[in-house]
Amino acid sequence: MQNVTESPSPSQDDVARFVERFALMMNEAGLPRMPARVFGALLVAETGKRTASELAEVLQVSPAAISGAVRYLGQVGLVLRARDPGERRDHYELLDDLWYEMYANRDKQFAEWASIMNDGAETLGADSPAGARLATSAEFFEFLRGEIPKLLQHWRDYQKERGLLPPSG
């Protein structure tokens, strides 16, 4: 893991401000506001995991708001729902190398997007402007399917060179 020098513990207000700034950035990128806040609260948790009640307390929101947010985050693959042995309550957690995992698992989605774009191009005709646009979109997603694995391998090589591999990597 990366060597990090000891620094003073941040205040709860500083952490809360960071979570809100992070959530705003993620919201501007398209993630709904409450799931973005929950994602931020998990990101700053020392263990990368929290129960629904802990999330509600940290974010000062209702359990119902947490329920909808974690359901959404689970559906889009940003959090996992799990339970530790001997525990009675589920918790929600992030993978240590979550950005890598998120992109590593996009191949199926890109294939589906390319397929539907190709279907649209065929429906509209490749000689029409809309059909050509859809065909170009399909090519883009096929390009990503070929390039992302290379980029992810480059990231792994980078991590190895610098001793940054996560514990499970």
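Bear in mind these aren't lab numbers, they're just calculated from the coordinates by the rules spelled out. No experiment lies behind these values; they were computed from the predicted model shown. Neighbour counts run over all protein chains shown; Cβ positions are idealised from the backbone, glycine included.
Place a +1 charge on the Cβ of each Lys and Arg in the chain and a -1 charge on the Cβ of each Asp and Glu, then give the dipole magnitude about the Cα centre in debye, rounded to the nearest 20.
Result for the chain is approximately 300 debye, rounded to the nearest 20.
Points 7 angstrom from Cα along the Cβ direction at Arg156 and Asp119: gap in nanometres?
Taking the simple label geometry, Arg156 and Asp119 are separated by 3.3 nm.
Could you give the C-alpha radius of gyration of the chain expressed as a fraction of 2.2 N^0.38 Å, taking N as the number of residues it contains? Kindly include the intermediate steps, with their values, before the conclusion.
Working: Rg = 19.9 Å, N = 169, 2.2 N^0.38 = 15.5 Å.
Its radius of gyration relative to the 2.2 N^0.38 Å reference: 1.29.
Work out how much length Val76 to Arg33 would gain on full extension: take 0.36 nm times their residue separation and subtract the Cα-Cα distance, in nm to one decimal. Before the final figure, lay out each step's value.
Numbers: separation 43, 0.36 × 43 = 15.48 nm, distance 1.45 nm.
Answer, rounded to one decimal: 14.0 nm.
Would you mind classifying region 100-162 by shape? Square roots of the alpha carbon gyration tensor eigenvalues, ordered a ≥ b ≥ c; an a/c under 1.5 is rounded, otherwise it is prolate if a/b is larger than b/c and oblate if not.
Values: a/c = 5.70, a/b = 3.07, b/c = 1.86.
Judged from the Cα gyration tensor, region 100-162 comes out prolate (a/c at least 1.5, a/b above b/c).
Pairs of alpha-carbon atoms within less than 8 angstrom and 6+ residues apart define the contacts here; what relative contact order does the chain have, in percent?
Taking the mean separation of contacting Cα pairs over the length of the chain, I get 17 percent.
Go ahead and estimate [θ] at 222 nm for the chain from helices alone: -39,500 (n - 2.57) per DSSP H run with n ≥ 4, summed, over the residue count, rounded to 500.
Dividing the helical sum by the residues of the chain leaves -21500 deg cm²/dmol.
What do you get for the angle between helix 129-162 and the principal long axis of the chain? Use alpha-carbon atoms, 0 to 90 degrees, nearest ten.
Once rounded, the angle reads 40 degrees.
Helix 33-44: angle to the longest alpha-carbon principal axis of the chain, degrees 0 to 90, nearest 10?
Relative to the chain, helix 33-44 is tipped by roughly 60 degrees.
By counting other Cβ atoms within 10 Å of each Cβ, how are Leu94, Leu151, Leu73 ranked from fewest to most?
On the way: Leu94 20, Leu151 10, Leu73 23.
Going from least to most buried by this count: Leu151, Leu94, Leu73.
Pulled fully out, how much extra length does the chain show between Ala130 and Met25, if you take 0.36 nm times their separation in residues and subtract their Cα-Cα distance?
Between Ala130 and Met25, full extension yields 34.6 nm more.
So, R0 is 30 Å and r is the distance between the beta-carbons of Ser53 and Asp107; what FRET efficiency does that work out to, to 0.05?
0.25
What is the fewest-to-most order of Asp14, Asp97 by other Cβ atoms lying within 10 Å of their Cβ?
Details: Asp14 10, Asp97 18.
With the sparsest Cβ surroundings first, the list reads Asp14, Asp97.
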